[in-house]
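Below is a structure I'd like to ask you about.
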Amino acid sequence: MPDETRLRLAIFASGRGSNALSIIRASKEGRLPRVEPVMVICDKAGAPVVDRAREEGISAFEILPRDFSSKEEYERAILNHLREKAVDAVALAGYMRLVGPVLIGAFPDRILNIHPSLLPAFPGLAAQKQAIDYGVKITGVTVHFVDLLMDHGPVVLQKSLPVLPEDTEETLSRRLLSVEHEAYLEALDALSRGRLKIEGRRVRWLSD
Ligand code: GRF
């Protein structure tokens, strides 16, 4: 029997899966008491996240866009998996693909993404390199609701981090990653407690 007090979460990822693993482990360790990760969906053949999730006992599915004739068909296949496991919400965690109308329509205001910059600065790929190349002194991470545009929906929370003079893309990415992990847990905990209320572009945090 599904525990109805917990948010049944699907995590979408494309690569190594450190954010996915951080969510799965936090849930196991009781740090996300109202979140139950129920599956990982991966769009890249052979991505490490699949085995890493399975080692933690979480079902992981490789669903590859190339096996479908359209994005719509691809998302319908994902949707079947989500429905089968009665998923309530989705966390994009290094999922390198735009979510389309099929999934957004099925999970309105129930899909979160994490991005390694203070949006709207540096959307898209290699946000950490963009920050270094631009010369900003402060960057950070953003958790936001997902809409049809890239790195665009209402902002749930942001955490900032100084860019150090000696930072390279690698060192900055590493420091940002641990902030990502922390920020995602905070946002998911709030979502699971029904604390996030979207008002236009703004997300109001309700008290617990
Ligand atoms: C993270 O920096 C995430 O914000 C970005 O891609 C990276 C994925 O890392 N979109 P991981 O797969 O969660 O380790």
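Mind checking which residues of region 10-29 are crowded, with 24+ Cβ neighbours inside 10 Å and near the ligand (Cβ under 9 Å from one of its atoms)?
Ala13, Gly17, Asn19, Ala20
Give me a count of the residues in region 152-172 that are open to solvent by less than 30 Å² (accessible area, probe 1.4 Å) and either touching a helix residue (DSSP H, G or I) at 6+ places or on another chain (Cβ under 9 Å) or polar (S, T, N, Q) (or both).
The qualifying residues number 6.
While we're looking at this one, here's another question. Can you find even one residue in region 155-170 that is assigned to a helix (DSSP H, G or I) and over 17 Å from the mean Cα position of the chain (by Cα)? Reasoning before the result, please.
Residues of region 155-170 assigned to a helix (DSSP H, G or I): 169-170.
Filter again for over 17 Å from the mean Cα position of the chain (by Cα), leaving 169-170.
Yes: one or more hits.
Right, another one. Would you confirm whether or not region 128-145 contains a residue that is of a type in the set (D, E, K, R) and not assigned by TED's automatic domain parsing to the domain that holds Val179?
So far as region 128-145 goes, no, none of its residues is of a type in the set (D, E, K, R) and not assigned by TED's automatic domain parsing to the domain that holds Val179.
Moving on. Please work out if Ile114 is more than 13 Å from the chain's Cα centre (by Cα) and either open to solvent by 40 Å² or more (accessible area, probe 1.4 Å) or within 23 Å of Ile41 (Cα to Cα) (or both).
no
Has region 74-95 got any residue that is within 11 Å of the ligand (Cβ to nearest atom), touching a residue at least 40 places away in the same chain (Cβ under 8 Å) and over 20 Å from Ala26 (Cα atoms)?
No: region 74-95 contains no residue that is within 11 Å of the ligand (Cβ to nearest atom), touching a residue at least 40 places away in the same chain (Cβ under 8 Å) and over 20 Å from Ala26 (Cα atoms).
If you don't mind, there's one more thing I want to ask. Quick check on this structure: which one of Glu75, Glu84 is surrounded by 17 or more Cβ atoms within 10 Å (Cβ to Cβ), of a type in the set (Asp, Glu) and either at pLDDT 95 or above or touching a helix residue (DSSP H, G or I) at 6+ places or on another chain (Cβ under 6 Å) (or both)?
Result of the check over Glu75, Glu84: Glu75.
Identify the single condition in (1) over 15 Å from the mean Cα position of the chain (by Cα); (2) buried (at least 22 other Cβ atoms within 10 Å of the Cβ); (3) away from the ligand (no atom under 11 Å from the Cβ) that Ala106 does not satisfy, given that it satisfies every other one.
Unmet condition: (2).
Let me ask something else about it. Confirm whether Asp67 is modelled with pLDDT under 95, charged (D, E, K, R) and either away from the ligand (no atom under 11 Å from the Cβ) or open to solvent by less than 50 Å² (accessible area, probe 1.4 Å) (or both).
No.
Is it the case that Val35 is buried (at least 23 other Cβ atoms within 10 Å of the Cβ) and away from the ligand (no atom under 16 Å from the Cβ)?
yes
Sticking with this one: Within region 136-151, how many residues turn out to be away from the ligand (no atom under 12 Å from the Cβ) and either open to solvent by 40 Å² or more (accessible area, probe 1.4 Å) or of a type in the set (Asp, Glu) (or both)?
Qualifying residue count, region 136-151: 5.
Another question, then. Determine whether region 45-64 contains at least one residue that is β-branched (Val, Ile, Thr), closer than 15 Å to Ser192 by Cβ and away from the ligand (no atom under 14 Å from the Cβ).
The answer is no, given that none of the residues of region 45-64 is β-branched (Val, Ile, Thr), closer than 15 Å to Ser192 by Cβ and away from the ligand (no atom under 14 Å from the Cβ).
The values are calculated or read from the model by the stated rules, or taken from the named source; none is laboratory data. Everything numeric in this text was worked out from a predicted model, so none of it was measured. All Cβ positions, even for glycine, are placed from backbone atoms using ideal geometry, and neighbour counts span all protein chains on display. Calculation scope for accessible area: heavy atoms of the full protein, side chains included, ligands and nucleic acids excluded. Shrake-Rupley method; radii C 1.70, N 1.55, O 1.52, S 1.80 Å.
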